[in-house]
Amino acid sequence: MSEDFIHSKRVYRTEIMKSVPPGVHGGVDASRLPFEDDSFSSSFAVDAIHHIPDSLKAIKELLRVTKDGGFVILIEPYVSLLSYPIYKLFHKEKTSAKLDLCSCNTWVTEAPQDGNQGVMQNLLKILARQDREMRFKSIQVTYLSPLSFFATGGLSRPIPVATSVIRAIVSLERYIPSKILKITGSRILVIFEK
């Protein structure tokens, strides 16, 4: 996202680190957003929810501050049969395929870089039971990246792979049926329509 785009829109960017990099407008507690109801046309978070101690409350807050007709768009890690061993062995954050759904606030600690790769799919199970109180019209889930995310090294370890190889992998992934992506994906795109 370019700085020109950010300055031409009412966009808020946040960061979990204490030292705030250029272009980040501040840090807020995602479980208690300091904005009125229906403040934003849409909300977007990439690799954030699985770092938040009370992830469910953070999603509720994103829905609260998003206007009716808007979207809350989340991109998060996804634990599948293929991604589980890779996340477990090569990623510094925890990876739990099964979490205690009754105590979602214990999935992640308060440490800024703590996270758990299995949070989003467990939250989806909770949301399926609570959708009436959550105030959203629909939810769309897309499973992504069984190979390309790891071929690039993900977010933590860049791997020197030729761009042409990554392009070929991404092209191949476009043809994988969604049922196969559900058991092989490493990322998940979740779109709530409010």
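Values computed for the structure shown
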| quantity | calculated |
| --- | --- |
| Output for region 135-180, where each listed residue is part of a helix (DSSP H, G or I), touching a helix residue (DSSP H, G or I) at 6+ places or on another chain (Cβ under 8 Å) and of a type outside the set (Phe, Trp, Tyr) | Ser148, Ala151, Val165, Ile166, Ile169, Val170, Glu173 |
| Check on Lys67, more than 30 Å from Phe150 (Cα to Cα) and surrounded by fewer than 19 Cβ atoms within 10 Å (Cβ to Cβ) | yes |
| Within region 49-86, tally of residues that are under 17 Å from the mean Cα position of the chain (by Cα) and assigned to a helix (DSSP H, G or I) | 14 |
| From the options Phe136, Phe150, residue that is modelled with pLDDT under 80 and surrounded by 10 or more Cβ atoms within 10 Å (Cβ to Cβ) | Phe150 |
| Matching option when the condition is more than 16 Å from the chain's Cα centre (by Cα) and modelled with pLDDT of 85 or more, among Leu181, Leu144, Leu189 | Leu181 |
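The values are calculated or read from the model by the stated rules, or taken from the named source; none is laboratory data. Because the structure is a prediction, the values reported are computed rather than measured. Heads up, the Cβs are rebuilt from the backbone with ideal geometry, glycines too, and the neighbour counts pull from every protein chain shown.
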